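Trainee: I have a structure here, written as structure tokens, and I will follow up with some questions on it.
What follows is calculated from the coordinates using simple rules that are stated; it is not laboratory data. Since the model is a prediction, treat every value here as computed from it, not as a measurement. Glycine gets a Cβ as well: all are built from the backbone with ideal geometry, and neighbour counts include every protein chain shown.
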Amino acid sequence: MLRLEPRTEASRLMQWCSPLLAATLTLLAGLAIFWLLDKDPLEGLHYFLISPVKDLYGVSELLLKATPLMLCAIGLAVGFRANVWNIGAEGQFMLGAVGASGVALYFAESDSALILPAMLLAGALAGALWAAIPAFLRTRFSANEILVSLMLVYVAQLFVSWLVFGPWRDPMGFGFPQTAMFHDAALLPTLLDGTRLHLGFVFALGALALGYVFMNRSYTGFKMRVAGEAAEAARYAGFSARRVIWIGLLSGGAAAGVAGMAEVAGPMGQLTDKLNFGYGFAAIIVAFVGRLHAFGILLASLLMALLYIGGEQAQQYMNLPSSISMVFQGLLLFFLLGSDVFIHYRLRIGRARA
Amino acid sequence: MTDRRQFMLSASAAALAAALPGSLLAQEATRIGFVYVSPIGDAGWTYQHDLARKELEASLGSKVQTRFVENVAEGADAERVIREFAASGHKIVFATSFGYMNYVERVARQFPNVTFLHATGYKSGRNFGNYNARFYEGRYLNGVIAGRMTKSKILGYVGAFPIPEVLQGINAFTLGAKSVNPDIEVRVIWVNSWYDPGKEREAAMTLISQGADVVTQHTDSTAVVQAAEERGVYAFGYHSDMSKYGPKAHLTATTHHWGEFYTRTVNAVLAGTWKAENIWGGFKDGMVRLAPLNPAIPAAVQAEVKALEEKLTAGTFHPFTGPIVDQAGKERLSAGAVMDDVALGKMDFFVQGVASRLPNTR
Amino acid sequence: MDAALFSSILFATVVAGTPLIIVALGLLVSERAGVLNLGAEGMMAMGAVAAFAVTHSTGNPWLGVLAGLTAGMGTALIHGVLCLSLQANQVAAGLAVAIFGVGLSAFVGKPFESVALPAVPPIRIPFIADIPLIGEALYNQQALVYFSWALFWAVLWFLARSRAGLVLRAVGEAPASAHAIGYPVILIRYLAVLFGGAMAGIGGAFLSVFYTPMWMEGMVAGRGWIALALVVFATWRPLRVMVGAYLFGGVMITQLFIQGSGLQIDFPAQFLSSLPYWATIVVLVLISRNPNAIRLNSPASLGKPFRPEQ
């Protein structure tokens, strides 16, 4: 008989093997799904894993798609490590896009080199501001941040809709819900000629580096980790629970805000009412699959981006429905959460010794 | 379904192979890509485009090979999907939603040898045309029927968002109804979503309980027609013939037909005669039609509608012919004048006869 | 306001509130046992597609509801296994359930998108449906509307009066003590999660078989998330779930009625639509700021995993 036996110490090996195990299981499940659908499993794998990165342009698209995921996920990880559950990155992303768009539209006449830095700042601030609401309500009234941040996603969506249907609507846009296209000074420069990969990717790498230093090398980061793992110990050591909550939420909000800025100043080039791409929610999966660690998040965001693009290609060339990407994303997280049990437990065969 | 289609394709290809000399077969099929904004489903905007894609395949046979991607968000992803079509040897790409416009423009610049067609936008380029249909012509005819069929003189309209295309439809419907029944009023409810069957249904139910006995919608589901069937009032379909969702309620529908246009465009591109244009076709071009009329419509009304339909087809009648007066009583178009396409494209008012107010957006 | 208008607003409000009540009551029981399941949207979608498929192929809407219930439960079981047997994080597992359920329902539902179902006739309760003003609106409704009321009484009684309900609440408040006394904490939580899934499945079935008889990808349209908000809004009390759901439905319906009546609204529709979310936040703040209220209302161990061996 199989049974789980608690480990005396969390397994570091499993900590890192579990995402690999989850990816492998997702792969196997994918093969099974293709087989069940009467599609060639190898062809399916080809379109999901190989075809999207077959050339430089494909790689650039993968990095482009991974950029918002990386940014949102690294910001969330800071909070998640401290048991601060911000699940409203989707709304903070939208507010970041709004903040950046505000600057771009207000200074539409100017071609100053300061516009992009100002947009970056406005995006980060707007995202952080949106996250400050749950932080304030949590620290002041102990209102649950999961629910408040989630509610604010819907408010943000409606707010964007009001802006692009109302005051920010492009007067030359035939009444469609969109702002004017940003002028060149408000667009992020591309990194590689002929691709869409833009400076936002560098922001994302910077955020990962910053996140790594903060979480793994700084004293505040250490305190936050302790607060997450052993709240009592943290209190005993005199760490302020309020500060932990504020830092956790604000860093998540600011990072998601930058992601929103990079989306409107990057591939979109304008603000529209179609901002609900789900990056903020997908980033939660990325953060978990990446073990709340900067390097892991880098890999996990690439994997998620691959699943998105692979899903498109599987549709384009194999006539598979688009929803297959969501099925795979769900499976990946299921398998990861399931595999994680082996971090704290080991599998034993036979009966427990009394 | 998919497998069957593929089987039929290969079966017809085999039949062709038996009949045709080898030289024709050697010619490779032209690949054509379609980008859809929502799942195809069984009725609605994307469904009509997919129907047209199948018509295209049927009419050009082995000369073309089509592929599609559905549910493509109107954001950065769209550019990748469009570009992937262009980069993988597709010669023509149809992008079928407004939000793809700027992405099509960018990809079109990178792939000068590929032809791009974008639906419902306003930009174009050397190898990038746009196309749309004058749905309002069908709406006007729906209005005439509604004006004749209503007893309560209240007509209901469920709208998605107050953008010009939707306003054209509401105004044409109102003008049509008023042309035969000057006392009617049209009530409009916005659901602020293109697709939320629950809310669309509630909006229809609300209109019906406020006295509307004919309802229609500019949203993407069949919920309004189903609600009308349940409550025993009349309804019009939109996009697709929705009669199977409400056999008694469904008077007719303003249906979209892109098939001929797609075939014509592809033939022109293959022949090298295609030029970028802004296409805005109506009854005259066969892009808008009425679904079969419900037998509940009296013969006299059917004849009246047929006559108007012929005039639209002949191009001798325009629904937006002055005088057109807005809700505030201001004359927007003087008597006898015909509204030009720019004014139509920028429409931002309700005509007299619409009882609801436009939401304040500024 | 005339009587007919009032009656139709009431009727529509009750219909719009019904799926929210059913789903939210299920989530409430699950949360009272200490398990947060953010996957309601996915469980509803699975319930909706299963119910539609079975109703379509058997012609019997009740078999459809049963299928919806089973599908919702099956989806909830994944959440249960991950969070209860494998100690996974409840937020992450719930999100995975939401994404997976919405995706899988779209995937398996493809063949059913082209099908129309006949409307299921309402059930008229003799005599009381004749009461003026409210009779037609309340007692000439779909069977699942009556079910939502019965469910309300059952949950109310179960939590407040039954021994099993007491145990369930104890498990949610203080799992360690419940375990020490000898209650099977994990088993009880499993049952609560499955109940939540079953109700979400029925809520989905209501949408696809009774409300708008159709199946389309994405047709749940955020109602699962609203139900989650509703449980908080109701501070984990069944009566307030009822009130909240009808309030939610009522705001939406009244907004439609105002639009239809041609009154000028100088308030942007988007702000009106965001009111329920702000209201939920305000309620959350009101109940949270008072430590006593929290202790009385929100289950103390909500969202926290429990390891029986410790």
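Trainee: Using Cα springs under 10 Å in a Gaussian network model of chain B, which residue among B:G143, B:G286, B:G237 shows the largest mean-square fluctuation?
Mentor: Looking only at B:G143, B:G286, B:G237, the biggest GNM fluctuation is shown by B:G286.
Trainee: According to the Cα gyration tensor, what semi-axes, each the square root of 5 times an eigenvalue, does the equivalent ellipsoid of the range A:71-290 have, listed from largest to smallest in whole Å?
Mentor: They are 32, 19, 13 Å, listed from largest to smallest.
Trainee: Separate question: Could you sort the peptides A:73-79, A:28-34 by per-residue average Cβ neighbour count (10 Å cutoff), highest mean leading? Working shown, then result.
Mentor: On the way: A:73-79: 32.1, A:28-34: 16.7.
Ranked by mean Cβ neighbours within 10 Å, highest first: A:73-79, A:28-34.
Trainee: Here is a further query. Could you point to the residue in A:L187, A:W85, A:A256 farthest towards the positive end of the range A:71-290's charge dipole, with +1 and -1 charges on the Cβ of Lys/Arg and Asp/Glu respectively?
Mentor: A:W85
Trainee: About the Cα centre of the range C:3-297, what is the dipole size in debye to 20, counting +1 per Lys and Arg Cβ and -1 per Asp and Glu Cβ, all else neutral?
Mentor: In debye, rounded to 20, the range C:3-297 gives about 780.
Trainee: Still on this structure, please answer the following. Give me the Å³ per residue figure for the convex hull around the C-alpha atoms of chain C.
Mentor: In chain C, the Cα convex hull volume per residue is 149 Å³.
Trainee: Here is a further query. First measure r as the distance between the Cβ atoms of B:K248 and A:L36, then evaluate 1/(1 + (r/R0)^6) with R0 = 35 Å and state the FRET efficiency to the nearest 0.05.
Mentor: Computed FRET efficiency for B:K248 and A:L36 comes out at 0.25.
Trainee: On average, how many beta carbons from a partner chain sit within 10 Å of the beta carbon of a residue in A:268-280?
Mentor: Mean shielding count: 3.
Trainee: Place a +1 charge on the Cβ of each Lys and Arg in the range A:1-155 and a -1 charge on the Cβ of each Asp and Glu, then give the dipole magnitude about the Cα centre in debye, rounded to the nearest 20.
Mentor: Computed about the Cα centre, the dipole is about 620 debye.
Trainee: Packing-wise, with mean Cβ within 10 Å as the measure, how do B:178-186, A:59-67, B:257-265 rank, highest first?
Mentor: Packing proxy ranking, top to bottom: A:59-67, B:257-265, B:178-186.
Trainee: Which lysines, if any, have their Cα less than 23 Å from the Cα of C:K110, not counting same-chain residues under 8 positions apart?
Mentor: A:K39, B:K54, B:K199, B:K244
Trainee: How large is the dipole of the protein assembly as shown about the Cα centre if only Lys and Arg carry +1 and Asp and Glu carry -1, each at its Cβ, rounded to the nearest 20 debye?
Mentor: With Lys and Arg at +1 and Asp and Glu at -1, about 2640 debye.
Trainee: Sum up the charges of everything whose Cβ sits under 14 Å from the Cβ of B:H49, counting Lys and Arg as +1 and Asp and Glu as -1, but leave B:H49 out.
Mentor: Values: positive: B:R53, B:K54, B:R67; negative: B:D42, B:D50, B:E55, B:E57, B:E70, B:D220, B:E260.
Around B:H49, the surrounding residues sum to -4.
Trainee: Sticking with this one: Find out how many positive minus negative residues lie around C:Y139, taking Lys and Arg as positive, Asp and Glu as negative, among other residues whose Cβ is under 11 Å from that of C:Y139.
Mentor: Here the charged neighbours net out to -1.
Trainee: FRET efficiency for C:T254 and C:R161, Cβ-Cβ distance as r, R0 = 41 Å, nearest 0.05?
Mentor: Values: r = 35 Å, r/R0 = 0.86.
That gives a FRET efficiency of 0.70.
Trainee: Still on this structure, I have one more. Kindly state, to the nearest 0.05, the FRET efficiency for B:L270 paired with A:Q15, given R0 = 41 Å and r defined as their beta-carbon distance. Intermediate results must be reported in sequence, preceding the final value.
Mentor: Values: r = 59 Å, r/R0 = 1.43.
For R0 = 41 Å, the calculated efficiency reads 0.10.
Trainee: Determine ³J(HN,Hα), in whole Hz, for all residues of the range B:43-50 in sequence, where each value follows from phi through the Karplus function 6.51 cos²θ - 1.76 cosθ + 1.60 and θ = phi - 60°; x replaces Gly and Pro.
Mentor: 3J(HN,Hα) across the range B:43-50, in whole Hz: 6, x, 3, 5, 4, 5, 5, 6.
Trainee: Choose one answer from B:F173, B:F94, B:F317: the residue with the largest mean-square fluctuation in a GNM of chain B with alpha-carbon springs under 10 Å.
Mentor: B:F317
Trainee: Ok, one more. Test of understanding: extend the Cα→C-beta vector of C:S85 to 7 Å, then name every residue of the range C:172-186 with backbone N under 14 Å from that spot.
Mentor: C:186
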